[in-house]
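I have placed the structure first, in the form of structure tokens, so that the comments after it can refer back to it.
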Amino acid sequence: MRVESITLRKLRMRLKAPFETSFGITHDRPVLLVELQADGSTGWSEVTATEGPFYNSESIDIAWLVIRNFLAPRILGKSLSAASEARSHFAGVRGHEMSRAGIENALWDIESQQRGIPLSQLLGGTLKEISCGVSLSLQDSPERLLEKVSTEVAAGYQRIKIKIKPGRDLGYISAIRKPFPDIRLSVDANSAYTLDDLDLLRSFDDFKLLMIEQPLWWDDIYSHAKLQKHIKTPLCLDESIHHLRGAQAAIDLGACRIINIKLGRVGGYTSAREIQAYCLGRNIPAWCGGMLECGIGRAHNIAASTLPGYTLPGDVSASKRYWIEDVIEPEVTVTPQGTIRVPQTPGLGYHVRHELIERWTVEKEIFRA
Ligand code: OSB
Ligand code: MG
């Protein structure tokens, strides 16, 4: 594959409903798409950074600059025999995992087209159908949250995750557990607590939660290890894990018993595959996280979720939960059993709606070899 050009596009897509986490509310999701040309083939991917450096230190605009000034020049005109080689070209760039994933994952799309096999198969995925969960935004009242949970349980989703933050935690968790004593339920704090909240966090043990996701500081594995010693519920790390070494440290330190793998956060498929293989070997359940992706990032998440290390339902759900209209065809749908059937055609397995993307583009730049 000789990398001929990289096109960046920023789209403004309106979420059907605002999504609130402990770090803020998103109404409009700026979407950064990568269209990469190599040997006459086109690969697509999504840079999953948020509008500002609030989830991690990346943002859509920062990623644009990093790709223009540092990543594109390192890969344009280069010939790669496999998409996994992209990572070595980016070795001199520290951090900026989501930006790197944006380029690497588009190359995986191209490689699977060129080999004539589905992306999931190229990755080594074994599932033809993946298990789905949902991540629910913070709500203004436990009653409102309960309505949302009821809707998603009725739709078949196999795991419900609710966002929590101080003041919107115990009352919400218990309101759901009463009518739903047995569903797989987890909570995600996005770093809203500190070790001073130990008693409160320990009280979550009464609710048979599948996990507590990233309760403490986004960049702090050590404090999670301290916390895990004092509570029974498994901790899951999201924000803190950027690569295999981080996953190894977290597991060895006992900082978590479950890992959320996000393709963007870990720098792309090559790194995600290493982490899932490691988790599988260590009997640590892993699952595919989400970043409110449009269809392109969603299609990549579906392919990743077929890998054998992804043993728990992920945050990969139907397009219609987020968007009135998606940029792929068909849009992602979920069966009444709470699964997504994995496309079996070469590449992403979905048609990319180029004209629609062009229409929704608010900024565009092309880099050529
Ligand atoms: O922590 O998993 C998270 C969305 C934006 C930023 C961080 C997170 C999330 C989600 C949504 O939980 C997952 C999704 O439905 O895409
Ligand atoms: Mg999370």
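The values are calculated or read from the model by the stated rules, or taken from the named source; none is laboratory data. For clarity, every value in this text was computed on a predicted model and none was experimentally measured. Virtual Cβ from ideal backbone geometry, glycine too; neighbours counted across all protein chains shown. In case anyone asks, the SASA skips ligands and DNA or RNA and just uses the protein heavy atoms, side chains included. Shrake-Rupley method; radii C 1.70, N 1.55, O 1.52, S 1.80 Å.
Overview of results
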| read-out | value |
| --- | --- |
| Ranked by how many other beta carbons lie within 10 Å on average, peptides 103-112, 189-198 from highest | 103-112, 189-198 |
| For a label point 7 Å along the Cα-to-beta-carbon line of ARG144, residues of region 286-323 with backbone N under 12 Å | none |
| Sulfur and carbon atoms: percent of accessible area, region 122-341 [1.4 Å] | 53 percent |
| Residues SER223 and LYS128, FRET efficiency given R0 of 30 Å [Cβ-Cβ distance, rounded to 0.05] | 0.15 |
| Relative contact order for region 64-221, counting Cα pairs under 8 Å that sit 6 or more residues apart, in percent | 15 percent |
| Total charge dipole magnitude, region 122-341, about the Cα centre, Cβ charges on Lys, Arg, Asp, Glu only, Debye to nearest 20 | 500 debye |
| Cα pair count fraction exceeding 20 Å, expressed as % - region 1-156 | 59 percent |
| Point-charge dipole on Cβ atoms (K/R +1, D/E -1) for region 1-101, about Cα centre, debye to 20 | 120 debye |
| Order by protection proxy (mean Cβ within 10 Å, highest first), peptides 335-345, 59-69 | 59-69, 335-345 |
| The chain - Rg over Rh from alpha carbon coordinates, Kirkwood radius | 0.95 |
| At q = 0.27 Å⁻¹, base-10 log of I(q)/I(0) for region 8-72 (Debye sum, equal scatterers on each alpha carbon) | -1.22 |
| Antiparallel bridges, percent of DSSP beta bridges restricted to the chain (to nearest 5) | 60 percent |
| Dipole of region 122-341 [Lys/Arg +1, Asp/Glu -1 at C-beta], most positive-end residue of ILE251, VAL334, SER191 | ILE251 |
| Tilt relative to the chain, helix 142-154 - C-alpha long axis, 0 to 90 degrees, to 10 | 60 degrees |
| Between 0 and 90°, nearest 10: helix 97-115 axis offset from the chain longest Cα axis | 60 degrees |
| Inter-label distance for ARG341 and GLU358, nm, one decimal - labels placed 7 Å from Cα along Cα-to-Cβ | 3.2 nm |
| With Cα atoms, 0 to 90° folded angle of helix 244-253 axis to the chain main axis | 20 degrees |
| 16 Å Cα cut-off, lysine pairs counted over region 122-341 (separation 8 or more, or different chains) | 9 |
| Three-way shape label, region 122-341, alpha-carbon gyration tensor, a/c 1.5 | oblate |
| Along each principal axis, Cα extent of region 219-334, largest first, Å | 45, 26, 22 |
